[in-house]
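J.: Just dropping this structure here.
Where a number appears in this text, it was derived from the coordinates with a stated rule and is not lab data. From a predicted model like this one, the values you see are computed outputs, not experimental measurements. We place every Cβ from the backbone using ideal geometry, glycine too, and count neighbours over all the protein chains shown.
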Amino acid sequence: MKTTKKIGIIILGGLLVAQFFQPEQNLGSYETVAGFLAETKAAPEIETVLKKACFDCHSNSTNYPWYSKITPVNYWMASHVKDGKKHLNFSDWSNYSLKRKEHKMDEVHEEVEEKHMPITSYTITHGDAKLTDEEIKLIVDWGKQAQAEYKQQLGKE
């Protein structure tokens with residue numbers, strides 16, 4: 001047997017065995033974002049945009065596509081979700097200080113306005129998460145309003 005064929009069989013065998021090892025999934029309830037939505041006065045159309053473009057990586061509830069069961073894709077996705085939640089977790093909103101909420105709302109509207117969010121690797125695999133100009137405006141306007149309300153509570157304005 002040729003060396004290349006042996007290496008190919010070993011790699012294929014390794015990938016097959018790897019399928020039995022899966023990272024922990026982010027399977028919380030969508031209800032965990034209800035407090036955030038209520039507190040920031042997110043209208044139904046805002047909630048729809050957040051659900052399709054943000055909550056998979058920035059909450060305790062991820063909707064996993066079929067390919068998320070394939071190693072190494074599942075580890076790549078788990079890493080993205082972990083990193084997203086580290087930066088902002090809408091499910092933990094009630095645990096954030098008022099100052100942190102104000103800062104996070106600033107980041108939300110800024111990242112969306114500058115088209116840094118949602119990230120390209122997410123919109124490639126979730127085409128419906130790509131935001132239209134109208135959706136961007138909705139999120140930016142809502143984010144600025146929520147941030148202004150937090151600033152007012154902090155006595156910044």
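J.: So if R0 is 25 Å, what FRET efficiency would ASP128 and THR4 give, r being the distance between their Cβ atoms, rounded to the nearest 0.05? Please report the intermediate quantities before stating the final value.
T.: On the way: r = 41 Å, r/R0 = 1.66.
Efficiency, rounded to the nearest 0.05: 0.05.
J.: Would you mind computing, in nm to one decimal, how far apart the modelled labels at GLN152 and LEU98 are, each placed 7 Å from Cα along Cα→Cβ?
T.: If labels sit at GLN152 and LEU98, their model points lie 1.3 nm apart.
J.: Return the distance in nm (one decimal) between the two label points of a simple spin-label model at THR120 and GLN145, each offset 7 Å from Cα along Cα→Cβ.
T.: Using points 7 Å along Cα→Cβ, the separation is 3.3 nm.
J.: Only helical DSSP H runs with n ≥ 4 go in: add -39500 (n - 2.57) per run for the chain, normalise by residue count and round the 222 nm mean residue ellipticity to 500 deg cm²/dmol. It would help to have the intermediate numbers written out before the result.
T.: Values: 7 runs with 91 residues, N = 157.
Taken over the chain, the calculation gives -18500 deg cm²/dmol.
J.: Let me ask you something else. What do you get for the angle between helix 133-154 and the principal long axis of the chain? Use alpha-carbon atoms, 0 to 90 degrees, nearest ten.
T.: Taking the Cα atoms of the chain, the angle to 133-154 is about 60 degrees.
J.: Let me ask something additional. Between TRP66 and LEU12, what is the spin-label point distance in nm, taking each point 7 Å from the Cα along the Cα→C-beta axis?
T.: Each label point lies 7 Å from its Cα, and together they span 2.2 nm.
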